[in-house]
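Okay, structure first, notes after.
The values are calculated or read from the model by the stated rules, or taken from the named source; none is laboratory data. These figures come from a predicted structure and were not determined experimentally. Positions of Cβ are generated from backbone atoms using ideal geometry, with glycine treated the same way; all protein chains shown enter the neighbour counts. With ligands, DNA and RNA removed, areas are computed over all heavy atoms of the protein, side chains included. Shrake-Rupley method; radii C 1.70, N 1.55, O 1.52, S 1.80 Å.
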Amino acid sequence: MPNPWLRELRRVLIWLALAGLIAWPLGYPMTAILLVLGGYFIWHLRNMYRLYHWLRGHRFHPPEASGIWGEILDMIYRLQVRHRQRKRRLSGLIKRFQAATEAMPDATVILDDYGAIEWFNAAAEQQLALQPGRDQGQRIINLIRYPQFKHYLEEDSPTLPLRMAAPGDPGLMLSVRVVPYGSRQRLLIARDITQQLKLENMRRDFVANVSHELRTPLTVVNGFLETLNDDDTAQYPPHLARSLELMAQQTSRMQHLVEDLLLLSRLETDRNAPPHEPVRVAAMLAMIREAVEPLIEQKDQQLHIQADQALFIYGAEKELYSAFSNLITNAVRYTQDGGEISVHWYQDGKGTHFEVRDNGQGIAPQHIPRLTERFYRADTGRSREVGGTGLGLAIVKHVLNRHQAALRISSTQGKGSTFSCDFPENLLVEAAR
Ligand SMILES: Nc1ncnc2c1ncn2[C@@H]1O[C@H](COP(=O)(O)OP(=O)(O)OP(=O)(O)O)[C@@H](O)[C@H]1O
Ligand SMILES: [Mg+2]
């Protein structure tokens, strides 16, 4: 198909040439050409008028027109049809999306860049006590007046969701998350986690109760076994003496396990901040050294402790003792005989750090992110052999969380591992310096 514009140009030129040729013998070719141009001008004006009225009016079909105008009107018509189809598809999509979000059990609220409510679904009405009509356009922090919620919304990029009671039903617990999208808009999603929390509490209570119930019988059994073992074991038949020794070993292992489980559940359930007592870490490290000394001697290892004597932090002494002694015991346990372990307690521009470095077997990278899970052991066979239960690092993680500190683990297989605890500046005891 030739270009319509060229066709139009050809048509005009032919008309002008014909007018000129016909009027030539009569002696007024210019007048004829001017007449044709005038007619052509009027034709354009008329079509422009029709186009204007068509676009202004609400008629769908374009007016009839010939030549280039027919093409132009046709093209505009096709664009309009396509536009209408797209609009219909989009509004169908929006309706379906709204119906889906409406049916979602999670409360969903769209907030504009000032935190004002643009839209919310039925679950948000119920759980967040919002009312359609009344609350649209209002700032959400004026409607949900919890300080921790206000705080959470003001955070730049919160990583963890916020747990709070539902304003619409205090019996419900919600996990609230804010996701930024578009141009500074935000989507607030609140999920009902009441049931999940109930199950979590049940699990925690169950573990705490079982551990508590096991404690007394184990103490009794262990007591008797110790008495029996304290007696002159030479009087027992050899197989009995060996059995008594094994029984004593295993019950003391179980006692450790029960104590660790109880400590873990205490750390988990204690919502209070740890005590704010100044902890003399250097002195604590000397005590830990005494406790691990027999094992170090047995393994012919070297333990170097480099601790800033004047560096105290605020915290819970018992909890920090558990954490630090587990990290040092781990280093001793999982490092071969003759190995070297260095412990460092120091301060730098970023905070206060406790670091345990060993030149032991190291940990394969796939295990590192999972080490703080309960009962997780990197090398099950060897860990069991050396007596671990896999609760130590879970305790470390909880203790550090309670002290706003973080655990960093780096390790190279065959070369050794470094476990670092980074404490924030604000825990430092200034007066001690
Ligand atoms: N310094 C280390 N070098 C190599 N592996 C380590 C080191 N520290 C920990 N691990 C690995 O991480 C696992 C988890 O350690 P964790 O302290 O949680 O448990 P555990 O030492 O086995 O038992 P528990 O501390 O409860 O007596 C260990 O079983 C071990 O495989
Ligand atoms: Mg351990």
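All told, T412 falls short of being over 22 Å from L263 (Cβ atoms), near ligand 1 (Cβ under 8 Å from one of its atoms) and touching a Gly at 6+ places or on another chain (Cβ under 6 Å). The sole residue among P62, P29 that is surrounded by 14 or more Cβ atoms within 10 Å (Cβ to Cβ), free of Cβ contacts under 8 Å to residues at least 24 places away in the same chain and within 21 Å of L73 (Cβ to Cβ) is P62. Taken over the range 207-232, residues that are within 18 Å of T269 (Cβ to Cβ) and polar (S, T, N, Q) amount to 2. Return a yes/no flag: does the range 241-251 have any residue that is among the acidic types (D, E) and surrounded by 12 or more Cβ atoms within 10 Å (Cβ to Cβ). Yes, the range 241-251 has at least one match.
Exactly one residue out of L285, L267, L311, L262 is at pLDDT 90 or above and within 16 Å of ligand 2 (Cβ to nearest atom), and it is L267. Checking V343, V292 one by one, the residue that is in a strand (DSSP E or B), in contact (Cβ under 8 Å) with a residue 24 or more places away in the chain and within 16 Å of ligand 2 (Cβ to nearest atom) is V343 and no other.
Checking R203, R186, R177 one by one, the residue that is open to solvent by 90 Å² or more (accessible area, probe 1.4 Å) and over 30 Å from S252 (Cβ atoms) is R177 and no other. The helices (runs of 4 or more DSSP H) found entirely in the range 58-165 that carry 1 or more residues being assigned by TED's automatic domain parsing to the domain that holds R11 are 67-103. When the range 280-306 is filtered for residues that are in contact with a strand residue (DSSP E or B) (Cβ under 8 Å, 6 or more places away or on another chain), more than 12 Å from L320 (Cβ to Cβ) and open to solvent by 70 Å² or more (accessible area, probe 1.4 Å), the ones remaining, listed by number, are R289, Q302, H304, Q306.
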